[in-house]
1. Restricting the stretch 286-314 to residues that are among the β-branched types (Val, Ile, Thr) and not in a loop (DSSP other than H, G, I, E, B), which is surrounded by the fewest Cβ atoms within 10 Å (Cβ to Cβ)?
2. Which of the residues spanning the stretch 2-20 are among the aliphatic types (A, V, I, L, M) and under 20 Å from ARG312 (Cβ atoms)?
3. Would you tally the residues in the stretch 57-85 being in a helix (DSSP H, G or I), in contact with a Pro (Cβ under 8 Å, 6 or more places away or on another chain) and crowded, with 20+ Cβ neighbours inside 10 Å?
4. Is at least one residue of the stretch 93-103 in contact with a strand residue (DSSP E or B) (Cβ under 7 Å, 6 or more places away or on another chain), under 17 Å from ASN202 (Cβ atoms) and surrounded by fewer than 20 Cβ atoms within 10 Å (Cβ to Cβ)?
5. Scan the stretch 116-154 residue by residue and report those that are small (Gly, Ala, Ser), in contact with a Leu (Cβ under 6 Å, 6 or more places away or on another chain) and on the phi < 0 side of the Ramachandran plot.
6. Examine the stretch 168-175 for a residue that is at pLDDT 95 or above, in the same structural domain as ARG11 (by TED's automatic domain parsing), of a type in the set (A, V, I, L, M, F, W, C) and over 21 Å from ALA37 (Cβ atoms), and state whether such a residue exists.
7. So LEU342 ticks every box in (1) modelled with pLDDT under 75; (2) farther than 25 Å from SER14 by Cβ; (3) touching a strand residue (DSSP E or B) at 6+ places or on another chain (Cβ under 9 Å) but one. Which box is left unticked?
8. Determine which member of the set ARG160, ARG173 is farther than 17 Å from ALA12 by Cβ and loosely packed, with under 14 Cβ neighbours inside 10 Å.
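The values are calculated or read from the model by the stated rules, or taken from the named source; none is laboratory data. As the structure is a prediction and not an experimental result, all values here were calculated from the model. Positions of Cβ are generated from backbone atoms using ideal geometry, with glycine treated the same way; all protein chains shown enter the neighbour counts.
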Amino acid sequence: MKLKLACVQMRARSAEHRGEALQSALRMIDAAVDGGARMALMPETFYPSYYLGGIDPAWSWRGAFSALSEKAAERRIYLAAGIVLEDGGSLRNAAVLWGPDGKERLRTYKSNLWHFDERYVEPGLSFDVAETPWGPVGMMICADGRIPEIARILALKGARLILDPTNLVASGRDSSRLSSPQLEYMLCARAAENGLWIAVANKVGLEAESVLNCGGSCVVDPYGEKVASLGSAGEDILFVDVDLDAAPHTLPARAPEKYGAIAKKKENTRAFQSLSESLPPLAEDEIFLGVAQFSYKGTADYLKRAARMLTRSADQGASLVCLPGTPSCSGDEIAAALSPSLAGEKCMAACA
């Protein structure tokens, strides 16, 4: 029996626009169901946002969580979505699957945190599988797809489809053809390695003036081939008929007794010890560089935007931020105006 799956590609929004993001998601879920989908996949952390710096401390995930559950029940659809929620006193980057009765069927937390997200959320440790009318389904989140063992664990637990909500950042010289190594080859490899389907729902556009998403939502078959994909230009819904019975029911030959070393903590491996012995300690002045690009109208607007960029870049881990030059004021004037933005931050600024 084939599953009509909808991968919903949403525009990236900053945390202050989380209400707009939720309403857009609910509308797009309706559109997916109206298009015949029986299961819909939303992007990673579409609510409240990927970058959580500066978010209103009073925000709550519970209203959005309930709205998604109610939408799944209202439209009688299996719904998977990426959302930040609280568990055990810690924020988590979560993917949740609701059934057509609105009840939670599966939940996973992102384990391979990427860069500044580890400032806000705790990693997950479990990878589970849920039964659906079409076959067993697992979930992983974005950078988890870079780790071969995560997809393999889900395959060993019987998954024939992995739902992968993502917030893939972009690279590429042409804004209409942005992409990511995960979309280009990593997820294709994960699918082929394990003989299962992988569905990706990504965001598109710029979040918080700093996180550029590449779109490219897609479905990869069990042989590592993309059967359908979207571009990087805007919001859209990708509909794909997925036959989970077409996935091979056996994994390639395995000999886990021969590669138990991969389960060791890195500190206990010879490779790590050798690197520790041969490499000098990281210098205290190691630099993580941020490059700011923005337009402005006059000196006051420049200083306002530059201050905002400095504060955000420092929060995202930059120790040096390169600002665009401005002919309207001197370097000393810029330094005097921006110094308060750097107070208490381990960050420097430079401009042409």
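1. Applying the filter and picking the extreme gives VAL291.
2. ALA12, ALA15
3. Adding up the residues that qualify gives 2.
4. For the stretch 93-103, residues in contact with a strand residue (DSSP E or B) (Cβ under 7 Å, 6 or more places away or on another chain), under 17 Å from ASN202 (Cβ atoms) and surrounded by fewer than 20 Cβ atoms within 10 Å (Cβ to Cβ): absent.
5. Hits for the stretch 116-154 are ALA130, GLY138, GLY145.
6. Yes, the conditions are met somewhere in the stretch 168-175.
7. Condition not satisfied by LEU342: (2).
8. It is ARG173.
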